[in-house]
Amino acid sequence: MRKILVFIADGMADFEINLTCHLLSRYNWEIMTVAYDTSIITALSGLQYIPRSTISEISGDSGVDGIIIPGGFHYEQRPELTELIREYYRSGKLTAATCAGPQYLARAGLFERAHYTTTMTRDSHRELFSGSGDFPFPQDTYIENPVVRDGTVITAKGTAFIDFSVEILDYFGVFADQHEKRALAEQYQPSFSGISISS
């Protein structure tokens, strides 16, 4: 079974990666949650997660296909995570992040070459993540788009979690053609059809 890492941290926006994890599991990927330590993680949803491994324990595992990082209200970046991101990028493995999550890839230096997108602006970074240092994103490689895939790097805005999920599956070659890719995306596209009946 193939393996993919999902970095989890307190305050993560788990809705941004739940569909991704669901779909990868459907295609027989093993989802491995990793964190800096094995403490219980509380997401923005209030759901709690238990990391399967620490970043330090997983480093060097050649059986892992890449790492996915959600957004949310977390920003601490320890050297072991930075080095893991760089290691995966150098070895041609997937490095994917959504919403505010691309900040980790930015601090690891990936966007000096790779194009990207993010929900984070200078103002939102100043307001929410001032303790994380300077605004980490270079403007030269930024693309204003819901999802950007540049080689092994996939980034997305937080509201584009469906397209983010489908792009990751496409990266791994699960679709026979673009028609099959579009069909899956359309299956999950939200549409409001509720009715309210007052008596």
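Quick one: in segment 1-34, which of the residues that are among the aromatic types (Phe, Trp, Tyr) and open to solvent by 40 Å² or more (accessible area, probe 1.4 Å) is nearest to the chain's Cα centre (by Cα)? Lay out the reasoning, then the answer.
Step one: filter segment 1-34 for residues among the aromatic types (Phe, Trp, Tyr), giving 7, 15, 27, 29.
Next, only the ones that are open to solvent by 40 Å² or more (accessible area, probe 1.4 Å) stay: 15, 27.
Values: 15: 11, 27: 18 Å.
Result: 15.
If you scan segment 78-119, which residues turn out to be outside any helix (DSSP H, G or I), open to solvent by 20 Å² or more (accessible area, probe 1.4 Å) and more than 22 Å from residue 58 (Cα to Cα)?
The answer is 99, 113, 115, 119.
Looking only at segment 15-30, decide whether some residue is in contact with a Pro (Cβ under 7 Å, 6 or more places away or on another chain), modelled with pLDDT of 95 or more and not in a strand (DSSP E or B). Give the steps one after another, and end with the answer.
Kept after step one, since they are in contact with a Pro (Cβ under 7 Å, 6 or more places away or on another chain), are these residues of segment 15-30: 16-17.
Still in the list and also modelled with pLDDT of 95 or more: 16-17.
When the remaining residues are screened for being not in a strand (DSSP E or B), the result is 16-17.
Checked segment 15-30: at least one residue is in contact with a Pro (Cβ under 7 Å, 6 or more places away or on another chain), modelled with pLDDT of 95 or more and not in a strand (DSSP E or B).
Can you tell me which of (1) more than 16 Å from the chain's Cα centre (by Cα); (2) modelled with pLDDT of 95 or more is the one residue 101 doesn't meet?
Exception for residue 101: condition (1).
Hey, does segment 35-49 have a residue that's crowded, with 18+ Cβ neighbours inside 10 Å and out of contact with any Asp or Glu (no Cβ under 8 Å at 6 or more places or on another chain)?
The answer is yes; a qualifying residue exists.
Go through segment 129-158 and count every residue that is surrounded by fewer than 15 Cβ atoms within 10 Å (Cβ to Cβ) and part of a helix (DSSP H, G or I). Even if it seems obvious, please write down each step before you answer.
We begin by selecting, within segment 129-158, every residue surrounded by fewer than 15 Cβ atoms within 10 Å (Cβ to Cβ); these are 130-131, 133-134, 138-140, 143-144, 151.
With part of a helix (DSSP H, G or I) added as a condition, the list becomes 130-131.
The number of residues fulfilling the criteria is 2.
Run down 17, 4, 31, 50 and say which single residue is of a type in the set (A, V, I, L, M) and under 16 Å from residue 72 (Cβ atoms). Walk me through it before giving the result.
Details: 4 fails: under 16 Å from residue 72 (Cβ atoms); 31 fails: under 16 Å from residue 72 (Cβ atoms); 50 fails: under 16 Å from residue 72 (Cβ atoms).
Among 17, 4, 31, 50, only 17 is of a type in the set (A, V, I, L, M) and under 16 Å from residue 72 (Cβ atoms).
Quick one: in segment 52-77, which of the residues that are assigned to a loop (DSSP other than H, G, I, E, B) and open to solvent by less than 10 Å² (accessible area, probe 1.4 Å) is farthest from residue 31 (Cα to Cα)? Let's see the steps before the verdict.
So in segment 52-77, the residues assigned to a loop (DSSP other than H, G, I, E, B) come out as 52, 59-63, 70-71, 73-77.
Now drop any that are not open to solvent by less than 10 Å² (accessible area, probe 1.4 Å), which leaves 70-71.
Numbers: 70: 14, 71: 18 Å.
Only one residue fits best here, namely 71.
The values are calculated or read from the model by the stated rules, or taken from the named source; none is laboratory data. This is a predicted model, so every value here is computed, not measured. Note that each Cβ is placed from the backbone with ideal geometry, even for glycine, and that neighbours are counted across all protein chains shown. To get the accessible areas, we keep the full protein, side chains included, count just its heavy atoms, and leave off ligands, DNA and RNA. Shrake-Rupley method; radii C 1.70, N 1.55, O 1.52, S 1.80 Å.
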